[in-house]
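The values are calculated or read from the model by the stated rules, or taken from the named source; none is laboratory data. In this text, all values refer to a predicted model and were calculated from it rather than measured experimentally. Cβ placement follows ideal geometry from the backbone for every residue including glycine, while neighbour counts extend to all protein chains displayed.
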Amino acid sequence: MKPTYQGPQPLPRDGHDPKPSLAADKADMEVEIETADPEVEADFQRAAASSDAQMVQPEPIPFLTVARAVRTSPAHQNQPRTPVSNATGWAIARENETVGRTEPHNIDAEQGLLGCLMLENGPEVLAECIKTGVTPSYFYQIEHQTIFGAMLALNLDGKGASDELQVANWLKDAGELDKIGGHGVLYELTKRVRTTIHAKEWLGIVRDKFIMRQLIRKGHWMVEQAMGAGAAPGTVPELVASVQKAIDDIQNSILGNGTSLRSIASYQMVQYNPNCLLGLDYLERGQFASLVAVTHVGKSTTCVQAACQLALDDDAKRHYFGIKAAFPLRSLIIQEEDSDQYVAACRESVYQGMGLSPDEIAQVNERVAVVWVGGCSGSSFFQQVKSLAEKHKADMVFINPISSYIAGTMKDDDVANEFFNGLSQVNPARKWAYFLVLPTPKPARDQKDEAASYDDMYKGFGAAAFATRIRAGLLLKPRAGMPGEFSLVFGKAASRTGVMQEVPQNGGVGFRLVPAKVVNIRHTQRTIKTPWGAEKPMLLWEESKMEADQGKGSGDKRGPAITYPEADLIACFPDSKQPLKPSAIYGRAKADLGISRAHFYREISALLTAGKIGRSPNGYYKA
């Protein structure tokens, strides 16, 4: 037996042409009719018979009278209802000036969203709908409510995917298929769309229209309640509490809080996560990443360089020291400390240092924005973040540094949590991720080594939020005894950055690849050309090859390293149709080039970092 979706019921409508209704949302309440006062009824009759009232003759509007709303309960469902006077309904509707006006809706967006739900990637779209609290009542058209309810029921059944055939079979078993217009309606929905690329846009429209309808219905309900509230003791406080509850319900609809229960079976593992921005699910939309660094080492340079590199179309260049972006990212950098001159120098350093082509420069110019925001914190800052991020359609929002915008000390848990909550509240649909820049705290009195451990750096903040709310943590710290050299430490979720390094095999024979925990970097020693022909230091991080034991002189008896042509190495890798394990690829390389196993695995790491070969999640490689 098919389960039925026990969700909010749709408002009554005539046929397939929805009529405007001023009734309270039947998802929340029923209307219990009381006997109208004869004098009030006579007033309404006179109003309906007046010359003004005869100018337009609308359809009778149901469910309107001088009534009181009560919560739905079995006790009320079977009670007889007194018919509503047409004149009464017309007079109230005319008073509210809503006669002949259709409630906000967008049928095209509803059809597009339902079509996406029945495509191959439909389970991912459905998961997004459930996450944001969408229920059948969010759809304006009754047929669409029925179709979406069937998809939810299939999802609770653990079916996951809901193509048109599955939905049709479920509706047929439930006796609802003919009511929506038959299988042909489902087929037409799937023909409307070919990909799910616009699914989030359509979902946003459907949610916005539903919320506007809720505002209208709740607003009329509030008016009716206030008009019918007597002078009995306690009536006004109870009414105010009911109004506040109605407002809270609408707010929860906006934020997607508490509007839907999800079965654990509804959570799906997918090969390509549509919300992933960096690495192997290293950072997703709506999450927080952080960069912690000592003062005056190049935090701003890091932000500009990362934003520019992650904006490129070229997959081989679209990474920041091996942390790859899933697609070209649109980044917004919010900052207070840097002058226009400094930002321009950082930009030119990336353009010249990376040798970007005119097309690549155009990509960066279109996708990266830097804005100065100062003198604000709290709600005024959060609203600026929301406005700027939405205007730029950002995927990533850099805030450099957050100490400029926190109203209090970062060591205070309440202050830190308020900051994180504020940033989350202005991003309810999780359209973008945050990259927060934090200066390192003053070292503890007993901490003499500035190259302290990762955990020790965080101890100075005090607030637990910086450890619990941050999803992906990076630390830029000096390397002990090596001036000018730094380590970019992958703290939280290091295994999901996608950056690999080689380590000796057990027994010391050969190497194997493991997720990297640190990349050694330094400021480049190169220069840039200014528009007036002068040379200035280039503000750019580059990977450092300097090892800690370098410079021991006679202690190093090794000869010069053997090199192999890069093209010959890449030729040993299969094409994208037939990826292989590294051991199988090494067999080719050894036969063709005579390369040692240790040297081969070192070359794999270098080619992977440069983006010249690819690695699948299961450890297979391809050219």
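Each row is one residue, and each column tells you yes or no for (1) in contact with a helix residue (DSSP H, G or I) (Cβ under 9 Å, 6 or more places away or on another chain); (2) more than 30 Å from T524 (Cα to Cα); (3) surrounded by 13 or more Cβ atoms within 10 Å (Cβ to Cβ).
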site	(1), (2), (3)
V370	yes, no, yes
C376	yes, yes, yes
Q383	no, yes, yes
E390	no, yes, yes
K393	no, yes, no
M396	yes, no, yes
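Based on this model, can you work out whether A241 counts as at pLDDT below 80, of a type outside the set (F, W, Y), assigned by TED's automatic domain parsing to the domain that holds I130 and part of a helix (DSSP H, G or I)? Yes. Of all residues in the range 315-340, those that are over 24 Å from P515 (Cβ atoms), assigned to a loop (DSSP other than H, G, I, E, B) and of a type in the set (D, E, K, R) total 4. Annotation: of all residues in the range 446-490 being assigned to a loop (DSSP other than H, G, I, E, B) and modelled with pLDDT of 80 or more, the one that is farthest from S616 (Cα to Cα) is P483. Please go through the range 395-412 and pick out each residue that is farther than 14 Å from I470 by Cα, part of a helix (DSSP H, G or I) and free of Cβ contacts under 8 Å to residues at least 60 places away in the same chain. Within the range 395-412, just S403 meets the criteria. For the range 409-435, filtered to residues that are acidic (D, E) and over 21 Å from the mean Cα position of the chain (by Cα), the residue that is surrounded by the most Cβ atoms within 10 Å (Cβ to Cβ) is D412. Among all residues of the range 583-603, there is none that is within 45 Å of the chain's Cα centre (by Cα), at pLDDT 70 or above and part of a loop (DSSP other than H, G, I, E, B). Apart from one condition, L186 fits all of (1) surrounded by 19 or more Cβ atoms within 10 Å (Cβ to Cβ); (2) not in a helix (DSSP H, G or I); the exception is (2).
Return yes or no: is S300 modelled with pLDDT of 75 or more, in contact with an Asp or Glu (Cβ under 7 Å, 6 or more places away or on another chain) and among the small types (G, A, S)?
Numbers: modelled with pLDDT of 75 or more: yes; in contact with an Asp or Glu (Cβ under 7 Å, 6 or more places away or on another chain): yes; among the small types (G, A, S): yes.
In short, yes.
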